[in-house]
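What follows is a short report on a single structure.
The values are calculated or read from the model by the stated rules, or taken from the named source; none is laboratory data. This one's a predicted model, so the numbers in the text were calculated from it and none came from an experiment. All Cβ positions, even for glycine, are placed from backbone atoms using ideal geometry, and neighbour counts span all protein chains on display. Protein only, heavy atoms only, side chains kept; ligands, DNA and RNA dropped before computing areas. Shrake-Rupley method; radii C 1.70, N 1.55, O 1.52, S 1.80 Å.
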Amino acid sequence: MSHNSFGQLFRVTTWGESHGPAIGCIIDGTPPLLPLTEEDIQPWLDLRRPGTSRFVTQRQETDQVRILSGTYEGKTTGAPISLLIENVDQRSKDYGAIADTFRPGHADYAYHAKYGIRDPRGGGRASARETACRVAAGAVARKVLGSGIVIRGALRQIGEHAVADENWDWAAVGNNAFNCPDAAMAAVWENYLDEIRKAGSSIGAVVEVHASGVPAGWGAPVHGKLDTDLAAGMMSINAVKGVEIGAGFAAATLRGEDAADEMLPGNDGPTFSANHNGGILGGISSGQDVAVRFVVKPTSSILIPRRSLDQSGAATEVQTKGRHDPCVGIRAVPVGEAMMACVLADHMLRHRAQIG
């Protein structure tokens, strides 16, 4: 199986399965002499960790990270950084009943059609468990980017309930179980998701990620566009079905004079009347906040029986038991932040290599 790596100069390779002994990643291209310890990585993993509330999977993983290589006396050496996260709460028996059955909406059938074999224990490599590796890599990417670039993510929408722009408050994100930037909407989501969870169903969501402090000039105008790599990075996250930069699909409703983000003189370079382009013009950062949204579909593992096929092609019915997120979007927020960090770190190093 190929295609387990992403990035060019800041390159991340993830490995491991959902119910194997461990998962991890190898990060190639980190510059030397950056301060890096396990304590720098762990807080970001804790934000994504399962079992933190009734609204996420109850799998109890500590997600303790170990640095196996690439540092010396608390600093990076420039050598590949290897990170290890042990799996401690596997329940492979939860998947025994569906070992020969394809779960609707999951990667089971497509994976089997391609490779002729699949790991039914939590989806193997197709599991969202793999995203813990990305979050760990994102912590290293933040070190590469430095403190001048601030990356923040939040849950914009669950089902039909969305946060309005005028109610957006970044300070509220860490004060509820949903990574929600609106305390009042978080209360609505609590009741709404309780109903869905008790019904044995799931619901989709929209995640929004911003990066402030990105200088103008990162990216390239044709095949190295910053927005191209951001879209690919976000789209590679499990269950993601759509990505928007800036106004995204809402740009179809704008007139040219509204979408043009007028430029005005400022003390430290130009200022802009709006940010409909999400901080990227012609594939190159403009100096504004880089703004990305992505939508995640409802978790396919639900208790409500669904029609499907077994590996022989016979009709069957699937009811997926075990521990699953009723809304995977909640834990996708730190994953989106990590992918933003990794893509920006890669483009920072590519820009430095070309321009100096």
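Computed extension gain for Ser201 through Asp28, at 0.36 nm per residue and net of the alpha carbon distance, reaches 58.3 nm. Stretching Glu39 away from Trp15 to a fully extended chain increases their span by 6.5 nm, per 0.36 nm per residue minus the current alpha-carbon distance. Our coupling estimate for the range 196-212, obtained by passing each phi through the Karplus curve with A = 6.51, B = -1.76, C = 1.60 and θ = phi - 60°, is 5, 5, 5, 7, x, 10, 8, 8, x, 7, 10, 10, 10, 10, 10, 10, 9 Hz, Gly and Pro reported as x.
Each 5 Å bin from 0 upward holds the following percent of the Cα-Cα pairs of the range 244-350: 2, 9, 13, 14, 13, 12, 10, 8, 7, 6, 4, 2, 1, 0.
Counting Lys and Arg as +1 and Asp and Glu as -1, each charge on the Cβ, what is the dipole of the range 121-182 about the Cα centre in debye, to the nearest 20? All intermediate terms of the calculation are to be shown ahead of the outcome.
Details: 8 positive and 6 negative charges, 135 e Å.
Result for the range 121-182 is approximately 640 debye, rounded to the nearest 20.
Loop-located trypsin sites (Lys or Arg not before Pro) in the range 229-313 (DSSP state not H, G, I, E or B) with no more than 15 neighbouring Cβ atoms inside 10 Å: Arg255. The calculated pair-distance distribution of the range 86-202 uses every alpha carbon pair, bins of 5 angstrom beginning at 0, and gives 2, 9, 13, 12, 14, 16, 16, 11, 6, 1, 0 percent. Shown in residue order for the range 146-155 are the 3J(HN,Hα) couplings computed by the Karplus curve 6.51 cos²θ - 1.76 cosθ + 1.60 at θ = phi - 60°: x, 6, x, 10, 10, 10, 9, x, 7, 8 Hz (x for Gly and Pro).
Regarding the chain, what is the average projected area of its C-alpha convex hull, in nm²?
Working: hull surface 76.8 nm².
Mean projected area for the chain: 19.2 nm², to one decimal.
Among the protein heavy atoms of the chain, carbon and sulfur supply 53% of the accessible surface, probe 1.4 Å, non-protein parts ignored. Once both axes come from the Cα atoms, what is the angle between helix 226-235 and the longest principal axis of the chain, in degrees from 0 to 90, rounded to 10? The angle comes out at about 10 degrees.
Approximating the spin labels as points 7 Å out from Cα along Cα→Cβ, the Val188-to-Asp258 distance works out to 2.2 nm.
Average accessible surface for the chain: 47 Å² per residue, computed with a 1.4 Å probe over protein heavy atoms with every protein chain in place. Bin by bin, in steps of 10 Å, what percent of the Cα pairs in the range 155-265 do you find, going until the bin that has the longest distance? It works out to 11, 32, 36, 16, 4, 0, in whole percents.
So what is the relative contact order for the range 225-356, in percent, with contacts set as C-alpha pairs under 8 Å and at least six apart?
Working: 162 pairs, mean separation 34.0, N = 132.
Answer for the range 225-356 is 26 percent.
Within straight cross-link reach of Lys198, meaning Cα distance under 17 Å, which lysines are found once same-chain residues fewer than 8 apart are removed? Reachable lysines: Lys321. Extension gain for Ser312 to Ala171 (0.36 nm times residue separation, less C-alpha to C-alpha distance): 45.5 nm.
Sorting Met1, Met348, Met234 by accessible area (1.4 Å probe), largest first, what list results?
Numbers: Met1 115, Met348 45, Met234 0 Å².
Putting Met1, Met348, Met234 in descending order of accessible area: Met1, Met348, Met234.
Cross-link reach is defined here as a Cα-Cα straight distance under 19 Å, omitting same-chain residues fewer than 8 places apart; for Lys143 the lysines meeting it are Lys75.
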